[in-house]
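Below you'll find the structure, written out as C-alpha cells, and then a few comments.
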Amino acid sequence: SLLHVKGASLVSGGLLWDMKAHHLAKGTKATLNNHAIVLRDTKFKMEVTGQIEKGYSQSETHQMTRVLNLGEKSNAIEYPKLLIDENDVAASHAASVGRPNIEHLYYLMSRGIKEKDAYRLILRGYLLPITEDIEDEMIKNALISEIETKVARL
C-alpha cells in the first residue's frame, strides 16, 4: 500500500494542522509533503507524524514540510515526528520555517518588478509544485487556477 500526500495552505488567522501516517501492515509506504504560507499576524502550528509499529517491517515513512512566514508578528511552528518501533524500515523527515529570501526579492525588483508582484511570483513558485503529480488535467488546471486566484488577492 502507498499513501502520497501533497498539501498546500495559505494560512490566515490561525491553524493547528495535525497529519499522521500510521502504518498498520508490513511493506507499506507513506510520503507526506506539505507547503504552507503563513500570512501576517497569524499563528500556525503543524504536527506531522510517521508511525511504524513493531511487526510492520519493510515499511517506509517520509515527510517534508516547508513553511514560508510572511509576517513579523506571525508565529509558525512545525513539529516533525517519527515514532518507529521496528528495525527494518526507512524513515526520514525534513522541515523548514523561514522568511522569503530577500536576495530573490531584490533580484526580481532590480528587473523592474514591483515589490508586491515580486512576492506574488515567489509565492506562486512556492505553491505550484504541488500540482506536478496530478495526472487529470481538469483537476490540475482547477488547482492551478485556485492557487493563482488566492495569490493574486494577497
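The values are calculated or read from the model by the stated rules, or taken from the named source; none is laboratory data. Nothing here was measured: the structure is a model prediction, and the numbers come from that model. In this analysis, Cβ positions are derived from the backbone assuming ideal geometry, glycine residues included, and neighbour counts consider all displayed protein chains. Note: accessible area is taken over every heavy atom of the protein model, side chains too, but ligands, DNA and RNA are not part of it. Shrake-Rupley method; radii C 1.70, N 1.55, O 1.52, S 1.80 Å.
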*asked:* For the stretch 58-108, place one equal point scatterer on every Cα, skip the solvent, and apply the Debye formula. What is log10 of I(q)/I(0) at q = 0.18, 0.20, 0.25 Å⁻¹?
replied: -0.70, -0.77, -0.96
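With a 1.4 Å probe and all protein chains left in place, how much accessible area per residue does the chain have, in Å²?
On the way: 9130 Å² over 154 residues.
Heavy-atom SASA per residue in the chain reads 59 Å².
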*Calculated FRET value between D41 and M138, using beta carbons and R₀ = 35 Å, to 0.05*: 0.45
_Additional length obtainable on full extension of the chain from A90 to N75, 0.36 nm per residue less Cα span_ = 2.2 nm
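Could you look at the chain and say what percent of its accessible area is carbon and sulfur, using a 1.4 Å probe and all protein chains?
On the way: 4660 of 9130 Å².
Carbon and sulfur atoms account for 51 percent of the accessible area of the chain.
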*Q63's amide H: which non-local residues (gap 5+, or another chain) put their own amide H closer than 5 Å, with H modeled 1.01 Å from N in plane and none for Pro or chain starts?*
L32, S92, H93, A94
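Go through 135-146, 79-90, 119-130 and give me the packing order, highest mean Cβ count within 10 Å leading.
Numbers: 135-146: 11.4, 79-90: 13.7, 119-130: 16.8.
Result, highest mean Cβ count within 10 Å first: 119-130, 79-90, 135-146.
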_Please report, in whole Å³, the volume per residue of the convex hull around the C-alpha atoms of the chain._
120
*Against the longest alpha carbon principal axis of the chain, how many degrees, from 0 to 90 and to the nearest 10, is the axis of helix 115-127 turned?*
20
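Calculated from DSSP H runs of 4 or more alone, at -39500 (n - 2.57) each and per residue, what is the 222 nm mean residue ellipticity of the chain, nearest 500? Intermediate results must be reported in sequence, preceding the final value.
Values: 3 runs with 38 residues, N = 154.
Helix-only estimate at 222 nm: -8000 deg cm²/dmol.
Beyond 24 Å between alpha-carbons counts as too far, so tell me which of K26/K81; K45/K116; K43/K140 fall in that bin. Before the final figure, lay out each step's value.
Numbers: K26/K81 20 Å; K45/K116 26 Å; K43/K140 29 Å.
Violating the 24 Å limit, Cα to Cα: K45/K116; K43/K140.
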